[in-house]
Every structure is written in C-alpha cells, then in structure tokens.
Amino acid sequence: MQERYEFKDIESKWQKIWEEEEAFKTVEDYDKEKFYVLEMFPYPSGKLHMGHVRNYSIGDVIARYKKMEGYNVLHPMGWDSFGLPAENAAIKNGIHPAIWTDSNIEEMHKQLNSLGLSYDWDREVATCKPDYYKWMQKIFIEFQKKGLAYKKENPVNWCPDCQTVLANEQVVDGVCERCKTPVTKKNLSQWYFKITEYADRLLAGLDNLPGWPDKVKTMQRNWIGRSEGAEVKFEIDGSDKELIVYTTRPDTLFGVTYMVMAPEHPFVKEFTDGTEYEEAVSAYLAECATKSEIERTSLTKEKTGVFIGKYAINPVNGKKVPIYISDYVMMDYGTGAIMAVPAHDQRDFDFAKAFGLDIIPVVDVEGVDLDNLTEAAAATGKMINSGKYDGMVNTDAINQIIADLEEKGLGKRTVNYKLRDWLISRQRYWGCPIPMIKCEKCGWVPEKEENLPILLPTDVEFTGKGDSPLTTSKTFRNTTCPCCGGPAEREIDTMDTFLDSSWYFLRYCDAKNSEEPFDKKKVDYWMDVDQYIGGVEHAILHLLYSRFFQMVLHDLGMVDKEEPFKNLLTQGMVIKDGAKMSKSLGNVVSPQEIQEKYGADTARLFILFAAPPEKELDWSDAGVEGSFRFLCRVYRLVHEYVTTIRGDKTVGDTIEIRNEADKKLNYAINATIKKVGEDAGGRFNFNTAISSIMELVNEMYKYKTGDINLELFDDAVNKLVIVLNPFVPHITEEMWEALGHTDRLYQTSWPAYDEKALIQDEVTIVVQVNGKIKDKFVLANNTSKEETEAAARQLDKVKEALDGVTVVKTIVIPNKIVNFVVR
RNA sequence: GUGGAUGUGGCGGAAUGGCAGACGCGCAUGGUUGAGGGCCAUGUGGGAGACCGUGUGGGUUCGAGUCCCACCAUCCACACCA
C-alpha cells in the first residue's frame, strides 16, 4: 500500500480490474430475489455534467449496497440517442448525426466508467441503433393495430423561419429556441397516440404507487386533470343548431347571462358569414391568429371578445342570452363553448364587467353581499333565483339538475380531462421512422413486420431549411403497399424521442434479443423497476408516457406488470452561488476538472454528502476539499494500521471487549453499520450515512491513541472499509486489498451488526420542570420509572426548582426524560 | 391566479413529539514544522448572567424545529381547463 493516496493510479487500476473480472455482469437467476436499479438514461450530448454525476452516484450507491445485501441487482445504462441536437450539429458542422452521436456516446461512456459506476455494459442500449428502433417500430405497429394510433390534422407549433414544426419543449417563451423567431400555429396532419383512452387508468394507478413522491403524483393528477360535470344543450334562436357546453357547475344554470364560444369553434363562421357581424368577427379572429404565444400568455386577465349576433336559449328557464366569441375559451377542452355565469366564475365575471353584461347570483354564499359583487362568489351555499331548486344546497342541486336534464334529454353527466392525445410526429430526420405507408387504395397501412426495421436513409441533406431532411432522400419515400402491392409512399415524419424512452427499461431486461423486443419471462423477472432515479423535470412527460406504454404493453400481453416504476426518487438540481449551473452565469463546474484534481471517489462522496438526494445541492469548492481530506484521513488510518499498528502481528479470531474504550469503539462500529444500512438502503439519506461513517473514523482516531485491542481495531478497520465501499468504490477496494484480502469488495456481503453492542450501560436522563430543562444526569440503562424519578429529585437544581411549588404531575419516560409539572 | 415544496448558526445541513445545531465547511487556539502548507488535538448559536434561541402570530401537548390553523418570504410546476 502506497503511503500517499494516489487517487489517479488507484481509480484506473480498479476500473480496469472490474472490467477484466466482469464485476458487474448480471444474469437472470430466477431463484434469487432481484433488485432493479435504474437511472434515467442520458442524451449523449458529449459531456457529463454535475447533474448526471449526482444522478448516477445515487444509483450506484443503491446498486452496490443492494448487491452487498444479496440481491441479484440489475443496473444498466444506455443512450437516449435520437433527437434534435445531433441534427443541429449536422446542419452546423456538416457531420452526419450518426457519427456525431456515436462519438459522443464513446466519450460519455468513458466518462461514466471513470466515475466507477457499476453498470452491466452488456445490456447497453442506444435508441438510435437499428437493433433498438426495429423494435420501436414493431411496438408502434402493435399500438396501431390496437387502434391507439391515428392521424389527424391539427394546429401545431410552427417556426416560420426554420420552416418546421417544433415540439412544445422547443418553444421557449414563445420563440423558436434556435432562431428566436416567434412561433405560430399551423394546421398539419400528424400522428397521435390515444393516451386519453388511458386517462382513468393512469389516474387510478397513481394510488398504487406509494413509493413515488406525492409531488410527482400530484403533478400527474393535475396534468391528467379529470373533472366531473355535465354537457348541456342550448338551442340557438333562429337556427336548428344546438350549442353544447361543458360545465362543472350545472347548479348555476339559472345564473347564465351569456354564452362564449372559442374563436375556432366551427359555428362561428357559419353564424356570422354574410351578416353585419362578419367584419367584427373576422377582425377578432385575425387578432387571435396573430397573437403569438408570448402575447397570449403574458396578457393580463383583460378579457376581449365579440358579440356574434346570435342568442342561445337557456334550457331551464327559456331565457335568451347573447353569444360571444372570446379567446378565454379554448377549442380543445370540453366542447369549445361555455355557458357564462359571472356571479360565480371569476373569468366570466371579468368578461361581464368588461362588456357590461348582467350578473345574476344563484347561490347564496355566506358572508357575500350578492347585490354588490366585487368578484365571483365561487364557494358553496344555498340555491336562490333557481325556481324549484331554491333552498337546496348547491352541491346537492348539481346532481338533481343533471338528473333532470338527462330525463328531458337536455344534457348528460360527463367527465372531462385536460390530458390531450399525444402528438408523436416530428418533421425531423434524427428519429425513429414511423413504419406507416400511405396507399392510394388502402389508406394508411403498417409496414410488414419482416421488412422492419425501416432504416433511416443516408442520402439526405441537412440544411435546416425547408422540409424534413428525409424528403431529400431519393430512396426513402417511394415504396409498395404492404396490402395491395401497388405504389405507395412512406410516412416521412419520425417519432417523438419520448417514445424511445418509454420502454428502454424493458429492453435492458433482454437487450440483445434479435427475435422480439424482449423476452416476456426475463422482463417479468426483472420488472418492475425497484428504484428509479432522475430529475423532477420528467415528472410529467417521460414518467407519464412510460406508464402509458407499460399499460398498453400489459394489455397486449407483453408484460405482466401494469406500472413500470415501483419507487421513484427525484433528485434535486446541482446549483452554485444560488443559481443553476449555466454557461452564461459562468458558474459551471465540470466533473472532469473535479476528477482531475481530487478523483472520482471525492466527487461522488461530496455530491452524496452535501445534501439529501431530493434537495438542491449547493456546490462548494471548500466542501469538495473537505471530502477529499476525509478520504485522505481514512487512507492514512488504514495505512498506519497495515504498516504499524498491525504490521506483521497476527490478528486473533476472537474479539474480547476489555474496557470502556473497547466498548465505546465496538458500539461505534455497530451503530455505524446499522445507521448506514438504514440510510443507504431504505431512506436514501446518504448525507447522514456518510456523516456516521465520519463519526466512526473520528472514534477510531481517538481510540488508537490509547491501548489498542488489535482484534477489535482490525474489525473496525475492515468494517469501515466495507461500509464506505458503496460510496467510494475505488479507494475502498485498494484498502481492502492492502488489508490482505484476496476477494473483492464488490463480492462482499454487507456486515451484520451486533444488537448487543448497541446496548449501553448508562444513559443520560434529562430533567425538566414544566418542559424547561433544568439538569441532566447519568443513570444505569433500564432503571425503573420510580427509581428514575427518585434519582431526579435528588439533584440540587431540581430541588431548588421544586422548592415551594406543588408538583401536579410527573412524566417519566425511562432512559430519556423526567418532567415535573408544577403549579 | 391554482397546486406543491421549503424556511434551523457565518455556510451546507442533523434531529421515531423528548438534551436543537450531529457531520462537514469556515474560523480560533495549541501541538508538530526552520517557515508555510499539511497533519494531530481542542474550542466554536446569542447573552456577563438568570436565561434567550429553529420565518411571523396563534393553537394542541407534561413537552413542539417536528402536529394543527393563519400569515410572510423564497423556489418549482401548471397557468383563462369552464
């Protein structure tokens, strides 16, 4: 063992050994209990950042710890390697996306290995490789056959400068992230997945995920946005059309004073074309269309709109109310039209005020002056101005009114969701080709399975302008119809990359399968993921899409489990100087520079020690220094033990606890094993796990200045190295070897702790008077209540405090506290 | 606006309703050293003190950083969803 902690030598030495010994290769062992640890796979941008290091360090500790606990651990890694940056690089530098991506993967693979992460690289997947996207296409076809994929024309984000559709994520503050041009809407025919068909199950499934943070479940619930209400039919005066609205407040039906349709509502043109209102309506529609995303979202609650010259008839009281159009009503939610009740809805109230419309209260909310409303009264109360419903509690009236409407055929109970179907088409090259073919005769038909994968063509140009690069291929588009054999055209859009990442965790279970996406038996053994770790930014998109995929694949009989991720840990961001690390702020710390200066073990240790995993982590250079010093301190301790304290001496087999110092050290050893096991294996509070190991080290430094019990100290050194291993694997393997072991730590079991060693002879009792601490004293462990109280009463400070007052009550918690309640 | 989270020393952060501030950083003192660094050791919430201290104000409790209510601040997400 070298005297100095030469982290570079040590880290490269052990990384090489692990690779040679295939230390982290995992095979299915159906008799052994499994544990699947998964970290969200990265986009291969070319460089790891601290967020990655944090994510993967957390996963690695769990994987290594669970392995030591005896589980058959699956801990894979791969690449979410389709996506826009590769294409942008191609446009900018003229490098083909595949080449750019491959070299990034190679670079990042090296960086991951340099962190000493215990991945089974035999299961590596890259979503941009044909051996992955072949199965993506197969799965797409399964979805299509099940009726879950359809093509529809819809307004989508469009960048007029780049001449392309953008994903929502690529629209930043209303402008194109690449050219900063304001994004507009454009109607395009696109593929959608019917995720809405699974809305209820996606919602209900959340109740069966106790291992997920409430925050994430709440976000998903809000995103799905289920609401219960009713659709109500309004006749239109002078027309045979019916205007159907959706409302969650049928109880306020008598308070309707006007109606609003979305500007895009199909009735609008029909009702106004050729009328005196046409001009004003067209002007308003034009205004809405030119409103960019920025204007639309930054607009204060100022309501705009136009009367369209028609009146609707309220089905409950026959009252005629004017119909307006306004952009505060959305075409893609509910029916695209609302009944407006300004007395009980704030938006309607604002609109009514702006347009001088009537406000009729129909629910008597306690404490609200209904004659002089300053805002909408949304709370519950008794019905008024509502005919036969007057006097009912409005929440009861809701059900009664719906029932009455249903009976008369004027409406029906409905459930609405905010969740929309998933637009999966992208006008991009670097994505998985959608395996659909359009035939003049047969319509849209899926490619034959034996023709999969449909490979991305290489004869394309990347200009960044015009249509998708796929359109420039001379070979790609034209094909024959799989049904009739006639001439046909391929879909030239590619899939959203979120599809690729919605099932990669299943492919890891059987990454090399060339016959099918994965073998069901293997997937059923490994799934579900026991611990998933990633950033909270994926709380909705990725985590919802993956759950959807899992459910569909379950329904297709391809997997058993309905939920993919049993436990979810959302790690916090890494920040520095109070802000997210970013180039523009100049506060970026690269993992490479830290590894260069202190080594991977220090980087891991600091990142795990500085904060609990789900919280923000404030980067501190001084803190890193401290973590490095701690590792040096441990290293020196082991070195001194090996060379001096133990030297050539023989260590006996039995540990004899001779005195108080021995007892104290033995306590520290066992308490640390227990604490680290709880913190690293269950709570995932690595920061407190590490601090307890630091306490053990401090204890050992103290101990070695006295009379050393060689057997006990040997036990302490060995166990210290073991419990530290999941956090800092390289230095611990080095020390383990130096201690004379011929096996490896990655093969070692987690030590059991001795419950008896944790029983202390004496405990400190706190004495309070009226809850205020007066004194403390030491007492034998497990002294009776009576004796504890008696002992407490002997204390001078207590006698003083109890002098001249009456003790009303005495609370004694053995081994802990005595509290005298006095008057 | 709605929903969620978080507020503890100079800093990062510990505390199954029971000794607030573990552990680390920083700082201070001493030792080692020719010196510096490093290392080792000790100390380190405030107050001279009785005591006071976990964003503010209430409440529950023998006892509250922890539970409940209201408020303030910060952060995040969604954002006119009828």
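For A:Leu74, enumerate residues with amide H under 5 Å from its amide H, sequence gap 5+ or separate chain, H modeled in the peptide plane.
Long-range HN contacts for A:Leu74: A:Phe35, A:Tyr36, A:Val37.
From the P(r) of region A:349-471, could you give the percentage of C-alpha pairs in the tail past 22 Å?
67 percent
Could you tally up the Lys pairs in region A:729-821 with alpha carbons closer than 19 Å? Skip any pair fewer than 8 positions apart unless they're on separate chains.
For region A:729-821, qualifying lysine pairs total 19.
Over its Cα atoms, what ratio of radius of gyration to 2.2 N^0.38 Å does region A:642-774 give?
1.19
Restricting to chain A, compute how many DSSP beta bridges are antiparallel as a %, nearest 5.
Antiparallel bridges: around 75 percent, rounded to the nearest 5.
Using only alpha-carbon positions, what ratio does the radius of gyration of chain A give when scaled by 2.2 N^0.38 Å?
In units of the globular-protein estimate, chain A measures up at 1.21.
From the phi of every residue in region A:555-570, what ³J(HN,Hα) in whole Hz does the Karplus formula 6.51 cos²θ - 1.76 cosθ + 1.60 yield, where θ is phi - 60° and glycine or proline is x?
With coefficients 6.51, -1.76 and 1.60, one gets 5, 7, x, 8, 9, 7, 5, 9, 10, x, 10, 6, 10, 10, 10, 9 Hz.
For region A:424-436, take each phi angle, set θ = phi - 60°, evaluate the Karplus expression 6.51 cos²θ - 1.76 cosθ + 1.60, and give the result in whole Hz per residue in order, putting x for glycine and proline.
Once rounded to whole Hz, the list reads 10, 6, 9, 7, 9, 8, 7, x, 6, x, 6, x, 10.
Taking only Cα atoms, what is the 0 to 90° angle, nearest 10, from helix A:621-640's long axis to the longest principal axis of chain A?
That works out to roughly 30 degrees.
With just the Cα atoms defining each centre, how far is region A:515-589 from region A:639-680? Give it in Å.
That distance is 41 Å.
Determine, for each peptide in A:716-725, A:116-125, A:390-399, A:455-464, the mean count of other beta carbons within 10 angstrom over its residues, then list the peptides with the highest first.
Top to bottom by mean Cβ count within 10 Å: A:716-725, A:116-125, A:390-399, A:455-464.
Please report, in Å, the Rg and the Dmax of region A:509-650, where both are computed over Cα atoms only.
Considering region A:509-650 through its Cα atoms, Rg and Dmax are 22.2, 66 Å.
For A:Val588, enumerate residues with amide H under 5 Å from its amide H, sequence gap 5+ or separate chain, H modeled in the peptide plane.
Those qualifying (amide H under 5 Å, at least 5 residues apart or on another chain) are A:Ser582.
Step through the residues of region A:516-530 one at a time and calculate ³J(HN,Hα) from phi using the Karplus curve (6.51 cos²θ - 1.76 cosθ + 1.60, θ = phi - 60°), rounding each to whole Hz and writing x for Gly and Pro.
After applying 6.51 cos²θ - 1.76 cosθ + 1.60, I find 7, x, 5, 7, 4, 5, 5, 4, 5, 6, 7, 7, 7, 5, 6 Hz.
Under 5 Å between amide hydrogens, which residues at least 5 positions from A:Gly535 or on another chain qualify, with H placed 1.01 Å from N in the peptide plane?
The answer is A:Gln571.
Packing-wise, with mean Cβ within 10 Å as the measure, how do A:688-694, A:648-654 rank, highest first?
Most protected by this proxy first, the peptides run A:688-694, A:648-654.
If you roll a 1.4 angstrom probe over the protein chains with everything in place, what fraction of the accessible area of region A:191-342 belongs to carbon and sulfur, to the nearest %?
Answer for region A:191-342: carbon and sulfur cover 51 percent of the accessible area.
Within the accessible area of region A:371-491, what % is carbon and sulfur when the probe is 1.4 Å and the other protein chains stay in place?
Solvent-exposed carbon and sulfur of region A:371-491 make up 48 percent of the total.
Quick check on packing: order A:131-142, A:251-262, A:310-321 by the mean number of other C-beta atoms within 10 Å, highest mean leading.
A:251-262, A:131-142, A:310-321
Determine the per residue accessible area of chain A with all protein chains present and a 1.4 angstrom probe, expressed in square angstrom.
Accessible area per residue, chain A: 45 Å².
Give me the percent of the accessible area of region A:757-805 that comes from carbon and sulfur atoms, probe 1.4 Å, all protein chains in place.
Within region A:757-805, the accessible surface is 45 percent carbon and sulfur.
Post the alpha-carbon centroid distance, region A:369-386 to region A:34-106, in whole angstrom.
Computed from Cα coordinates, the inter-centre distance equals 56 Å.
The values are calculated or read from the model by the stated rules, or taken from the named source; none is laboratory data. Being a predicted model, the structure only gives us computed values, none of them experimental. No Cβ is skipped: glycine too gets one built from the backbone with ideal geometry, and neighbour counts run over all protein chains shown. Ligands, DNA and RNA are excluded from the accessible area calculation, which covers all protein heavy atoms including side chains. Shrake-Rupley method; radii C 1.70, N 1.55, O 1.52, S 1.80 Å.
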